[in-house]
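Only the coordinates and a few stated rules stand behind these numbers; no lab work does. Quick caveat, the model's predicted, so the values are computed rather than measured. Counting neighbours? That spans all protein chains shown, and the Cβs are built from the backbone with ideal geometry, glycine included.
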Amino acid sequence: MATSENKVPLLLVRLCTAIRFLTIIPVSWRAAEDAQQFNKCLGFFPLVGALIGLVGSAAAYVLLLFFPPQVVAVLAIVYLAFISGFLHLDGLSDSADGLFSSRPREECLRIMKDSRAGAMGVVVVVCVMLAKYSALSSMDRHMLCLVIFFMPLAGRSAILLSMARLPYARPEGGLGRLFYSDSSKTAAVAAFVALFLLLVILAPSLLVVTLTAIACVNLLLGRWCRLRLGGATGDTLGASCELTEAVTALAFTASFSLF
């Protein structure tokens, strides 16, 4: 039986694995164990998202002392993309190229594996970035800092929800397959309980519209992926993160105008 002294380092190892995968932060401690920890670190995805959001929110608060909200909105979008090494934006682009191709399943998967960006991918990425900017730039300073915290948390939680709902689509495996495990559903439930509680505490008036928007995007994207691909891939998981960040920002804007 593992002692409490052994459990704490193991949890830290899994946290470091999640940080290394979801961010560009150079955490090298026990990196050699990543292969064994990939499918065990899912519970830390929301925590990493919250840490990303906390740093971004604090930076936005300081920057707003010197720059207008429109400038800070651009810097926040760049930060959220850069901190993940543009991994999720790449997944969004590849997913758009494949899902909009109107080709058979196998051809869609092949297109998504191609490192080159197609016209559909570029257009969708631009549209999502414009959606984020239009939402963030229209908020007051307090709301802007708040939504920057919630966007990466919601995005990483959406990855878990997609994994819990969809099988992995590539029979040969892939990067996303490394994280699939029997704990995906438990991790997804825990992530959304945490998101629910934080919304209740920090933004209760935004709770219903934000969770509804996130659920609708995940359900629609998941259904599309199941019909076209037979499930999820690493690219569609990244797309889920980016789209969820965008609709979270838009939901905060809609709620703010209503309340």
Computed on Cα atoms only, the convex hull of the range 91-248 has an orientation-averaged projected area in nm² of 9.1 nm²
Count of lysine pairs, the chain, Cα-Cα under 28 Å, sep. 8 or more residues or interchain, comes to 6
So Arg30 and Thr186, fully extended at 0.36 nm per residue minus their Cα-Cα distance, gain in nm 53.6 nm
Burial-style ranking of 133-142, 151-160, 51-60, average other-beta-carbon count within 10 Å with highest first, yields 151-160, 51-60, 133-142
Answer in debye to the nearest 20: the dipole magnitude of the chain about its Cα centre, from +1 Lys/Arg and -1 Asp/Glu charges placed on Cβ, is 360 debye
By the mean-Cβ-within-10 Å protection proxy, highest first, 105-117, 87-99 rank as 87-99, 105-117
Of 239-250, 120-131, ordering from highest average Cβ density within 10 Å down gives 239-250, 120-131
